[in-house]
Amino acid sequence: MRYYVTTPIYYVNAEPHLGHAYTTVAADILARYHRQKGDEVFFLTGTDEHGTKIAQAAEARGCTPREHVDQMAPKFQELTRTLDASNDFFIRTTDPQHEAFVQAFVEKLRAAGDIEKRTYGGLYCTQCEAFWYERDLAPDGTCPDHGIKPVYLEEENYYFLLSRYQDRLSAFFRANPEWVRPKSRYNEALSFVEQGLEDISISRSSITWGVPVPWDPEQVIYVWVDALVNYLSALTYARPGEDLSGLWPGFHFMAKDILKFHAVIWPALLMSAGYAPPAGEFIHGYLLMSGEKMSKTRGNVLDPFAVIATYGLDPLRFYLFREVTFGQDGVISMEGFEQRYTNELANELGNLLSRSVSMIAKYRGGRIPQAGPEGEVMTDVAAEGEAMVRAAGAHLDAVEITAAIESVWAYVRRLNRLVEEEAPWKLAKDEAQAGRLDAVLRALAAGLRLVALTLYPVIPGTAVEILRRLGQPHGDVDLRLDEALWDRLEVATVEVAPPLFPRIERGA
């Protein structure tokens, strides 16, 4: 099967923060999981580089918009690399191939009779790059997403006749009740459609930093239209000489503040231009600090580079999706991070691996014992392990990342209980219990192998290191989920090594 997954392209008016990392890691988790299933995967991310905010940010820095985006885009590319994201392409909307595709796309809207020139006035938020109705503003008249007051703006622009697509969009939503997830976001998007759609401006005449309208170069294409089209344009040039357009439709990940653009405007644009709507959309909540959405505008951002530099990448990836149920808003903090790091990663998973490997080294010369009669307890542990793999997979198929991690963690705790219940250090003192000791040590190694394979999409570096210390194969083929079976454990030499998650003093 094919799985084309995207993040939104990130606006480069300011430097990347943890909110950007959150969406990128979510898409990466699903991309890695689908590769484990054997699917053909294409994972796209990138940067949105046109529009008013970019021009204003460049002016504030005393440089041109081109200079600004050329300095900022590499920082987002660096974040992608730092997160170990497995994206297949990084698009920039200043790529000439993208700009040409956008112009051809809006020509299709025009050919369909869906473009008109009009004069419009309304309240415009430069942070959103969007017009707002007064009814949708906060009680104090500010943008609910950015906390600033929109300004009145009037221009003669080209309009997309979105109102023509109200019935078609409504029918599409009704026929595809799982198209937007979670359900609350589906209901929100459907409400947008059914409360009545108004035509939208797709060009700007007051700015020059953008893709020129092909039939009227005095205007530039509205940044949101330009940005949305990246999901199609990238497929035409991501791999030189290869047309990947057959991968469409794709599956989109995004935060809830851009729901309307993606779930209402984007499918209508696609319908007008003759394309299928996206395969699906998952809308996640906000990571909150001090009770507010993280935002450069608000000044309450957490630097992912600093966290990774101190604790490593995988603890951050784990924490974001363990602490906050994916799809909901959730509060994060360094205190919460340190608790998860110490209690779950270090004490439960890391210590389980260290104890298991150390006991195999001490009692069996470093070699995982051969399979033998394992008794009822080990049979149960085996069945529970394979059930865990299936449960976590079912959750990931439903984009329930947090629930998938919980399935794995319940099994990590089961393996820790096995150590306490069986007490290998006591079995080792009784020669008559040698077979039982073999069974327990092998069960720990087999269980940890299943844990590593199932956690691989979330904490890939840690998963590979667990397999390596257990002496198990860990190439791309070995990481496939059809290898996540109890009896695929190989008899191998283990490696005793420093803790996976070393103790780190606050402020270190």
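Of the residues making up segment 462-508, just one is at positive phi and in contact (Cβ under 8 Å) with a residue 24 or more places away in the chain, namely Gly471. Listed conditions (1) surrounded by 15 or more Cβ atoms within 10 Å (Cβ to Cβ); (2) under 33 Å from the mean Cα position of the chain (by Cα); (3) not acidic (Asp, Glu) are all met by Gly141, apart from (1). Count of segment 40-96 residues, restricted to those that are assigned to a helix (DSSP H, G or I) and of a type in the set (Gly, Ala, Ser), is 5.
The condition of being more than 30 Å from Pro240 (Cβ to Cβ) and of a type in the set (Lys, Arg) holds for only one of Arg181, Arg92, Arg110, that being Arg181.
Test Ala439 against the criterion of being more than 19 Å from Ala85 (Cα to Cα), in the same structural domain as Tyr341 (by TED's automatic domain parsing) and out of contact with any His (no Cβ under 7 Å at 6 or more places or on another chain), and give yes or no. Here the answer is yes, as Ala439 does meet what is asked. Screening Ala111 on (1) of a type outside the set (D, E, K, R); (2) buried (at least 22 other Cβ atoms within 10 Å of the Cβ); (3) at pLDDT 95 or above shows it passes everything except condition (2). Anything in segment 97-120 that is in a loop (DSSP other than H, G, I, E, B) and out of contact with any helix residue (DSSP H, G or I) (no Cβ under 8 Å at 6 or more places or on another chain)? List them, or say none. Once the filter is applied, which keeps residues that are in a loop (DSSP other than H, G, I, E, B) and out of contact with any helix residue (DSSP H, G or I) (no Cβ under 8 Å at 6 or more places or on another chain), segment 97-120 yields only Gly113. If the condition is being over 16 Å from the mean Cα position of the chain (by Cα) and of a type in the set (Gly, Ala, Ser), then segment 60-95 contributes Ala60, Gly62, Ala73.
Residues in segment 174-197 that are hydroxyl-bearing (Ser, Thr, Tyr) and surrounded by fewer than 17 Cβ atoms within 10 Å (Cβ to Cβ): Ser184, Ser191. In segment 387-406 there is no residue matching the filter, namely being closer than 21 Å to Arg468 by Cβ and not hydrophobic (A, V, I, L, M, F, W, C). Residues in segment 256-274 that are surrounded by fewer than 21 Cβ atoms within 10 Å (Cβ to Cβ) and in contact with a Lys or Arg (Cβ under 9 Å, 6 or more places away or on another chain): Lys256, Asp257, Leu259, Met271, Ala273, Gly274. Residues in segment 432-454 that are surrounded by fewer than 23 Cβ atoms within 10 Å (Cβ to Cβ) and closer than 15 Å to Tyr33 by Cα: there are none. So which of Phe101, Phe42, Phe105, Phe89 ends up being buried (at least 19 other Cβ atoms within 10 Å of the Cβ), at pLDDT 95 or above, of a type in the set (Phe, Trp, Tyr) and touching a Lys or Arg at 6+ places or on another chain (Cβ under 9 Å)? Only one candidate passes the filter, namely Phe42. Residues of segment 387-429 that are of a type in the set (Gly, Ala, Ser) and within 26 Å of Thr23 (Cβ to Cβ): Ala391, Ala392, Gly393, Ala394, Ala398, Ala403, Ala404, Ser407.
The criterion of at least 2 residues that are free of Cβ contacts under 8 Å to residues at least 40 places away in the same chain is met, among strands (runs of 3 or more DSSP E) falling completely within segment 148-257, by 151-160, 216-221. Is one or more of the residues making up segment 120-133 under 19 Å from Ile54 (Cα atoms), of a type in the set (Phe, Trp, Tyr) and either in the same structural domain as Asp199 (by TED's automatic domain parsing) or modelled with pLDDT under 80 (or both)? Scanning segment 120-133 turns up at least one residue that is under 19 Å from Ile54 (Cα atoms), of a type in the set (Phe, Trp, Tyr) and either in the same structural domain as Asp199 (by TED's automatic domain parsing) or modelled with pLDDT under 80 (or both). All conditions but one from (1) touching a Phe, Trp or Tyr at 6+ places or on another chain (Cβ under 9 Å); (2) within 17 Å of Ser201 (Cβ to Cβ); (3) surrounded by fewer than 16 Cβ atoms within 10 Å (Cβ to Cβ) apply to Tyr124; the one that does not is (3). In segment 332-339 there is at least one residue that is touching a helix residue (DSSP H, G or I) at 6+ places or on another chain (Cβ under 7 Å), part of a loop (DSSP other than H, G, I, E, B) and touching a residue at least 24 places away in the same chain (Cβ under 8 Å).
Taking the criterion of being over 30 Å from His34 (Cβ atoms) and either of a type in the set (Gly, Ala, Ser) or surrounded by 15 or more Cβ atoms within 10 Å (Cβ to Cβ) (or both), the residues of segment 61-86 that qualify are Gly62, Pro65, His68, Val69, Asp70, Met72. Each residue in segment 155-173 was checked for being crowded, with 16+ Cβ neighbours inside 10 Å and within 29 Å of the chain's Cα centre (by Cα), and 3 pass.
Being closer than 30 Å to Gly285 by Cα and surrounded by fewer than 17 Cβ atoms within 10 Å (Cβ to Cβ) holds for only one residue in Ala404, Ala383, Ala398, Ala392, and it is Ala398. Filtered by the rule that a residue be in contact with a Leu (Cβ under 8 Å, 6 or more places away or on another chain) and among the charged types (D, E, K, R), segment 375-423 gives a lone residue, Glu386.
Identify, from the list Ala227, Ala234, Ala189, Ala238, the residue that is among the small types (Gly, Ala, Ser), over 23 Å from Met271 (Cβ atoms) and touching a Phe, Trp or Tyr at 6+ places or on another chain (Cβ under 9 Å). When all the criteria are applied, what remains is Ala238.
The values are calculated or read from the model by the stated rules, or taken from the named source; none is laboratory data. These figures come from a predicted structure and were not determined experimentally. All Cβ positions, glycine included, derive from the backbone under ideal geometry; neighbour counts span all protein chains shown.
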